[in-house]
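The values are calculated or read from the model by the stated rules, or taken from the named source; none is laboratory data. Model, not experiment: these values are computed from the prediction. Methodologically, a virtual Cβ is constructed for each residue, glycine included, from the backbone with ideal geometry; neighbour enumeration extends over all protein chains shown. Side chains included, ligands, DNA and RNA excluded: accessible areas come from the protein's heavy atoms. Shrake-Rupley method; radii C 1.70, N 1.55, O 1.52, S 1.80 Å.
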Amino acid sequence: MMSSILIVEDDITFGMMLKTWLGKKGFEVSSVSNIARARKHIESQTVDLVLSDLRLPDYEGIDLLKWMNDRGINIPLIIMTGYADIQSAVLAMKLGARDYIAKPVNPEELLKKISEALQTESSPAVPHSTARNSSNPKKGGSNSQDTSETNHSYLEGESDAAKQLYNYVGLVAPTNMSVLINGSSGTGKEYVAHRIHQLSKRSDKPFIAVDCGSIPKELAASEFFGHVKGSFTGALTDKTGAFVAANGGTIFLDEIGNLSYEVQIQLLRALQERKIRPVGSTQEISVDIRLVSATNENLEQAIEKGTFREDLYHRINEFTLRMPDLKERKEDILLFANFFLDQANKELDKHLVGFDAKASQALLSYHWPGNLRQMKNIVKRATLLAQGSFITLLELGTELLEAPVSTGTSMALRNEETEKEHILEALRQTGNNKSKAAQLLDIDRKTLYNKLKLYNIDL
């Protein structure tokens, strides 16, 4: 299995770039921004090596080393320092630090020090080390790396909001309680429903998802309960409904608030009696299903308006999970951005390393109305457009223009040969809006007007 590295670094951009780079070198990497989080991570997860900055917001890297020593935690720790503070580095080594490295970090030197530290701890200690402690396996639910690193399909996050959510998922999953997942579009509600099923006692049985928002009212009963041949126009064969298909397992009703009042009555009866009758049939079929529902609506308000049945609401809502919006999970934004970048690299056969400083700041500052779905689309498009090793503001496009970015030398002005191309691309992305184009290029409007005249660009 891969060796696990914990990065303790409060410079989020540097930490994410380091995490991405080490991940590509074959390590399993997690990152936290202060010593308190590092302690929690070390106590709950398997860690083979710690890479810690010397100066952090709450304590110093040396304090983490002392804490580990006091508890007999024997994990190699490498100190990073941007202060060229030899005295502190020597003290860290005396306290048991395996090594130290000065910032700016030389990647190859760091890789060499990591390999040496791991080899000293357990041999072999190359990135695919088999020396992991098998008595302390990673558990799903609260651990973001479980799904993102193992299944390569999703990342749960490391923010407090994410950890609380997946702690609740882990608590409710083994029960048979009906779960209602509340959250905005694009927050990952279906993934949570899948996770509940995976962690339940029904995990070896089917998981059937039904998008209630896309079912025509007249076909809803057939989708849920099936039908027999000839029961209505177009019923050319027998159809197995979702409830029978999910028998013994979990049925997930997405956007349940979109169901018509008549279908809600049919659904309530099926849930109460645990029996369904296919459309056109005289036979009842017993079903054993676990119900998980999701909505981006306020169902309590829908009850007040008379569009959603209160008795059905209480039936589907034995336990509520609230999906936080992406803007509420600031610590997860760059994690997800890099996760989606890795996916886009594979899909598009590209090899981008990450996001530059301005792009990272824009990602962090943006309000993400479309949540994870929007981010995935933006990152994929940016990956396609990017010409260098890093995604820049120019590739992220106009949607992130409202995110404040630090001022600095314009990308367009660094290379006169490509300056005109950058200006034309910025104008294209902004629909020839000069103010937004100037902001995207990180220049003022007057400079842009001068450049338009210089290059004879007529709008």
- Task: Filter the helices (runs of 4 or more DSSP H) completely within segment 11-76 down to those with at least 3 residues that are farther than 13 Å from A92 by Cβ and open to solvent by 30 Å² or more (accessible area, probe 1.4 Å).
- Result: 12-24, 35-44
- Message: Can you go through F336, F340 and tell me which one is in a helix (DSSP H, G or I), surrounded by fewer than 22 Cβ atoms within 10 Å (Cβ to Cβ) and within 15 Å of the chain's Cα centre (by Cα)?
- Response: F340
- Item | Selection count where residues are surrounded by fewer than 18 Cβ atoms within 10 Å (Cβ to Cβ) and touching a residue at least 24 places away in the same chain (Cβ under 8 Å), scope segment 299-314 | 3
- (1) more than 30 Å from F336 (Cβ to Cβ); (2) among the hydroxyl-bearing types (S, T, Y); (3) part of a loop (DSSP other than H, G, I, E, B) all hold for S222 apart from (3)
- Message: Can you find a residue that is surrounded by fewer than 20 Cβ atoms within 10 Å (Cβ to Cβ), acidic (D, E) and not in a loop (DSSP other than H, G, I, E, B) anywhere in segment 269-277?
- Response: yes
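To keep it simple, each residue is scored yes or no on (1) among the charged types (D, E, K, R); (2) touching a Ser or Thr at 6+ places or on another chain (Cβ under 7 Å); (3) farther than 21 Å from G249 by Cβ.
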| position | (1), (2), (3) |
| --- | --- |
| S293 | no, no, no |
| N298 | no, no, yes |
| G306 | no, no, yes |
| R309 | yes, no, yes |
| I316 | no, yes, no |
| R322 | yes, no, yes |
- Message: Go through segment 367-397 and report how many residues are over 18 Å from the mean Cα position of the chain (by Cα) and open to solvent by 40 Å² or more (accessible area, probe 1.4 Å).
- Response: 6
- Failed condition for H128, given (1) modelled with pLDDT of 65 or more; (2) in contact with a Gly (Cβ under 7 Å, 6 or more places away or on another chain); (3) loosely packed, with under 15 Cβ neighbours inside 10 Å, with all others met? (1)
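Please enumerate the residues belonging to segment 225-267 that are assigned to a helix (DSSP H, G or I) and farther than 25 Å from G188 by Cα.
If the condition is that a residue be assigned to a helix (DSSP H, G or I) and farther than 25 Å from G188 by Cα, then F225, V244, Y261, E262, V263, I265, Q266 are the ones that fit.
Under the condition of being in contact with a strand residue (DSSP E or B) (Cβ under 7 Å, 6 or more places away or on another chain) and of a type outside the set (D, E), which residue from segment 343-366 is surrounded by the most Cβ atoms within 10 Å (Cβ to Cβ)?
Let us first name the residues in segment 343-366 that are in contact with a strand residue (DSSP E or B) (Cβ under 7 Å, 6 or more places away or on another chain), namely 352-356, 359, 363.
With the extra rule that they be of a type outside the set (D, E), the set shrinks to 352-355, 359, 363.
Details: L352: 22, V353: 16, G354: 22, F355: 28, A359: 24, L363: 25.
The selected residue is F355.
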- Scanning segment 162-177 residue by residue, those in contact (Cβ under 8 Å) with a residue 60 or more places away in the chain and open to solvent by less than 10 Å² (accessible area, probe 1.4 Å) turn out to be A162, L165, V169, V172
- Note down all Cβ pairs under 9 Å where the first residue falls in segment 414-441 and is on the phi > 0 side of the Ramachandran plot, the second is modelled with pLDDT under 75, and they're at least six residues apart or on different chains. N432/L459
- Query: Mind checking whether some residue in segment 239-252 is over 33 Å from the mean Cα position of the chain (by Cα) and open to solvent by 70 Å² or more (accessible area, probe 1.4 Å)?
  - Reply: yes
- Positions within segment 199-214 being surrounded by fewer than 20 Cβ atoms within 10 Å (Cβ to Cβ), part of a loop (DSSP other than H, G, I, E, B) and touching a residue at least 40 places away in the same chain (Cβ under 8 Å), in sequence order: L199, K205, P206
